[in-house]
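J.: One structure is given below, represented as structure tokens, and several questions about it will come after.
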Amino acid sequence: MNALPLLFFALILPLVAGKKDLVGGWEDQDPNDPQIKSFASQGLQLKGKSPNGLKIISARSQVVSGIKYDIKFTYDEGGNETHEIVLWSQPWDKEEPLKVSSFK
């Protein structure tokens, strides 16, 4: 039996498993980034909600066909509850550059 492939995987697996950022995986974003707040505000408006009192708690992004944003936040109209909106940004789509995937 050839042990070379087994040895290769035994040496490579710890390197891959220890990699923090996976290509195509979610990446944390700065909740104070004005662009994140702008996307959340636009997303609320697309859902017919007022973004008054919007406070971003956390945000992350994922590169897909565009960029997907998962943003957790509070806002005046939502009471004291934490809400989550998932947005899909495709700036080249002139008709609908920002889409709401989900809103909770």
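J.: Which residues, counting only those in region 45-67, are buried (at least 18 other Cβ atoms within 10 Å of the Cβ) and touching a strand residue (DSSP E or B) at 6+ places or on another chain (Cβ under 7 Å)?
T.: Matches in region 45-67: LEU54, ILE56, ALA59, SER61.
J.: Also, quick follow-up: What about ILE36, is it at pLDDT 95 or above and among the β-branched types (Val, Ile, Thr)?
T.: Spelling it out, ILE36 is indeed at pLDDT 95 or above and among the β-branched types (Val, Ile, Thr).
J.: Of all the residues that make up region 33-50, how many are in a helix (DSSP H, G or I) and touching a residue at least 24 places away in the same chain (Cβ under 8 Å)?
T.: 7
The values are calculated or read from the model by the stated rules, or taken from the named source; none is laboratory data. The structure displayed is predicted, hence computed values, not measured ones. Don't worry about glycine lacking a Cβ; one is built from the backbone with ideal geometry, like all the others, and counts go over all protein chains shown.
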